[in-house]
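Colleague: Below you'll find the structure I mean.
No value in this document is a laboratory result; all are computed from the given coordinates. Owing to the predicted nature of the structure, the values given are computational and were not obtained by experimental measurement. Because the Cβ atoms are built from the backbone with ideal geometry, glycine has one as well, and the counts that use them run over all protein chains shown.
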Amino acid sequence: MAGKNNQLAEEFHRIYVNEWEEARASLTSEKHEEEIIYLLMRIVRSVYDMCTEDVWHKSHKHSPSEHSLEEFIQSRLPKALHPGHVTNPLRSFIHSCIKCISSMTSQRHPLAIYWIPKGDPIDSDMFDISTGTSGQVCDWTVWPAVVKGDGSVVKKGMVMPIV
């Protein structure tokens with residue numbers, strides 16, 4: 001089971017390393033950097049909420065489909081982003097999040113994702129600090145940590161500290 005958890009946590013981290021940046025770049029002409037980071041985090045939170053709902057989980061038990069992506073865009077996309085402005089990189093980011101988070105939450109012992117609240121001390125066992133910054137208190141979570149049900153960390157997240 002540890003192998004599967006690590007594999008899923010690495011897959012989730014790869015979304016951040018690869019697709020998150022492409023989605024972020026595709027939105028730069030429309031929004032400020034902080035708005036974009038917050039918007040992408042809202043998308044991840046909304047996907048997580050969707051994947052942990054019993055009704056959704058039972059109806060998408062096997063593999064989330066393109067229909068899952070369209071359902072998310074039409075009904076769960078953060079209000080700050082109009083469905084007509086969803087770029088291809090953003091679609092790919094959302095779809096990858098749905099697939100990965102669905103797998104993480106559908107296991108016998110599901111994995112969870114954890115955001116550190118703004119103003120809380122940064123736990124260096126759970127989060128790395130964004131490159132080029134330093135601080136002890138969280139301004140916002142850029143990417144959540146992956147944790148087991150007992151709270152132990154499988155993969156660190158990324159935060160921006162209050163500078």
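Colleague: Can you tell me which residue is farthest from M41 (Cα to Cα) among those in segment 109-139 that are surrounded by fewer than 18 Cβ atoms within 10 Å (Cβ to Cβ) and either touching a residue at least 60 places away in the same chain (Cβ under 8 Å) or small (G, A, S) (or both)?
Modeller: Applying the filter and picking the extreme gives H109.
Colleague: Anything in segment 139-163 that is over 17 Å from W20 (Cβ atoms) and either assigned to a loop (DSSP other than H, G, I, E, B) or of a type in the set (G, A, S) (or both)? List them, or say none.
Modeller: Within segment 139-163, K148, G149, D150, G151, S152, I162, V163 meet the criteria.
Colleague: Please go through segment 92-128 and pick out each residue that is within 17 Å of L77 (Cα to Cα) and in contact with a strand residue (DSSP E or B) (Cβ under 7 Å, 6 or more places away or on another chain).
Modeller: none
Colleague: Would you be able to say whether some residue in segment 12-27 is among the polar types (S, T, N, Q), closer than 21 Å to Q74 by Cβ and surrounded by 13 or more Cβ atoms within 10 Å (Cβ to Cβ)?
Modeller: Within segment 12-27 (the criterion being among the polar types (S, T, N, Q), closer than 21 Å to Q74 by Cβ and surrounded by 13 or more Cβ atoms within 10 Å (Cβ to Cβ)), the answer is yes, since at least one residue qualifies.
Colleague: Still on this structure, please answer the following. Please go through segment 95-138 and give me each residue that is in a strand (DSSP E or B) and in contact with a helix residue (DSSP H, G or I) (Cβ under 6 Å, 6 or more places away or on another chain), ordered by number.
Modeller: I113
Colleague: Could you please find all residues in segment 67-94 being in contact with a Pro (Cβ under 8 Å, 6 or more places away or on another chain), crowded, with 17+ Cβ neighbours inside 10 Å and in a helix (DSSP H, G or I)?
Modeller: Of everything in segment 67-94, just one residue is in contact with a Pro (Cβ under 8 Å, 6 or more places away or on another chain), crowded, with 17+ Cβ neighbours inside 10 Å and in a helix (DSSP H, G or I), namely I73.
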